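What follows draws every value from the coordinates through simple rules; no lab data is involved. Computed from a predicted structure; not experimentally measured. FYI the Cβ positions are ideal-geometry reconstructions off the backbone, even for glycines, and counts take in every protein chain you see.
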Amino acid sequence: MTFAERCRTEAARLRLNIERNGWDGEWYRRAYFDDGTPLGSAGNDECQIDSIAQSWSVLSGAGEAGRSRMAMDAVDQRLVRRDHSLIQLLNPPFDKSALNPGYIKGYVPGVRENGGQYTHAAIWAAMAFAALGDSRRAWELLGMINPVNHAKSPEGIAIYKVEPYVVAADVYALPPHTGRGGWTWYTGSAGWLYRLIVESLLGLKLEVDKLRFVPCLPADWKGFKVYYR
């Protein structure tokens, strides 16, 4: 068996194991603790759902199609906070339960990875909706992530509190800091946001020596023009 064949065999086995052991009934679980306790399960008191497992069930191509769509619906219903224009990484945040996921529990609930918007993951969710052909939700999530939209009014600026011309790595999700941005400038989320817009939404993808064009546009767009050099 060549190395490539072994990789394909292991990938197929992993995919089967994820479907057999990682599906929680309405979404994919995030992980397991050493004692077998699941994380990201409806049976957990905290972190019942984590967006990353759902988005990457789509983006990896490894999730069963029907389950992945159900999982992304759960992201929409349980993690997309339209009232505050943010997309939580997980919910409910870690706080008082015995679950110990590591350092993220050191953040107060609703801050950074502990139930806030972790913008990398928010962008992956938008990418996943685009990959499913759901242009409405993909563009809606882009609108929530776009920092410019957090600064359309004095009230919005007072809530967001950070620069509206760079991407924030985090947006906090619980009082008294709901809607406040954090960790601007340093973040790799800016690179992912660029890829979301150019590749997932406008549909321009360069793969080695082949240029693919598969746009996912809003229903009211008649078209757009790209100058490619």
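Quick notes
- Straight-distance crosslink candidates among aspartates and glutamates, where the alpha carbon sits under 13 Å from K152 and sequence neighbours closer than 8 are dropped: E163
- Near A219, once Lys and Arg are set to +1 and Asp and Glu to -1 for all other residues with Cβ below 15 Å from its Cβ, the sum equals 0.
- Summing charges over neighbours of L202, with a neighbour being any other residue whose Cβ is under 11 Å away from its Cβ, gives +2 when K and R count +1 and D and E count -1.
- Straight-line cross-link partners of K205 among the lysines, defined as a Cα under 26 Å from its Cα and at least 8 positions apart when in the same chain: K222, K225.
- (1) 90, 35, 28; (2) 77, 35, 32; (3) 55, 51, 30, with the label sought being that of the calculated Cα extents along the principal axes in Å: (3)
- Using the Cβ-Cβ distance between D45 and A65 with R0 = 45 Å, the FRET efficiency computed as 1/(1 + (r/R0)^6) comes to roughly 0.90.
- Under 19 Å from a label point set 7 Å out along the Cα-to-Cβ vector of A219, the amide N atoms of the range 114-138 belong to 129-138.
- Euclidean distance of C-alpha centroids, the range 188-217 and the range 108-126, integer Å: 22 Å
- For the chain, the 222 nm mean residue ellipticity estimated from helices alone, with every DSSP H stretch of n ≥ 4 adding -39500 (n - 2.57) and the total spread over all residues, rounds to -10500 deg cm²/dmol.
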